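Visitor: Got a structure for you, questions after.
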Amino acid sequence: MWKKEDSRPQGVPDISTGSPSPTFGKDPGGAPVSGRAAACISQGIRIKGEITGSEDLFVDGPVEGKISLTNGSLTVGPNGAVKADVTAREVIVRGRIEGKTIGRDRVQLWSTGHVTGEVQTQRLAIEDGAFLRGKVETGRPVESKGSDNRGSGSSNDKATSGVSVGSGTAVI
């Protein structure tokens, strides 16, 4: 009788039923990687330079430079060490990021996450135990209208709703 497993070449993992490899489709800690993750930078790969794209990216190794994912999600794994300015639709941090982090929709810091630098996003989720040091701007930007001055009248008012925290340390 024909079986689906028989038609697959040897050594090629089957993503749909689980992989023979203990880390394919999961990070080394065992947590599932995004189902749409198109690219993975593992511990054995070191990148210096600019990474651009529109797909999801999982980084579990050292990266220096700039990361720009126009419509994708960046996940920094527990062994990931990113020294870069990061721009993505969604940023999930389980390792370390040092630099400006812009998550258009969301930035999520897991308990093992460590972020140093400026964070800009609409939604910020921080788990107990995460480390965050820097400037944080959350919420949707408010369109400035010349005749509408609801603020305190100070010229230093930010054009954002939500929370704006100056430089400092937040250990959660």
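The values are calculated or read from the model by the stated rules, or taken from the named source; none is laboratory data. Worth saying up front: this structure is predicted, and the values here are computed from it rather than measured. We place every Cβ from the backbone using ideal geometry, glycine too, and count neighbours over all the protein chains shown.
Visitor: Output the strands (runs of 3 or more DSSP E) that fall wholly within segment 89-135 and possess 3 or more residues being of a type in the set (S, T, N, Q), or say none. Break it down into steps so the answer makes sense when it comes.
Guide: Working: elements: 96-98, 101-109, 114-116, 119-126, 131-133.
Per the criteria, 119-126.
Visitor: Same structure, new question: Checking residue 89 against (1) charged (D, E, K, R); (2) in contact with an Asp or Glu (Cβ under 8 Å, 6 or more places away or on another chain); (3) crowded, with 21+ Cβ neighbours inside 10 Å, which test does it fail?
Guide: (3)
Visitor: Further question on the same structure: For residue 111, only one of the following conditions fails: (1) of a type outside the set (A, V, I, L, M); (2) modelled with pLDDT of 95 or more; (3) out of contact with any Pro (no Cβ under 8 Å at 6 or more places or on another chain); (4) buried (at least 17 other Cβ atoms within 10 Å of the Cβ). What is its number?
Guide: Unmet condition: (4).
Visitor: State yes or no: is residue 54 touching a residue at least 24 places away in the same chain (Cβ under 8 Å) and among the hydroxyl-bearing types (Ser, Thr, Tyr)?
Guide: On the way: touching a residue at least 24 places away in the same chain (Cβ under 8 Å): no; among the hydroxyl-bearing types (Ser, Thr, Tyr): yes.
Against the criterion (touching a residue at least 24 places away in the same chain (Cβ under 8 Å) and among the hydroxyl-bearing types (Ser, Thr, Tyr)), residue 54 does not qualify.
Visitor: Would you be able to say whether some residue in segment 58-79 is under 17 Å from residue 132 (Cβ atoms) and assigned to a loop (DSSP other than H, G, I, E, B)?
Guide: yes
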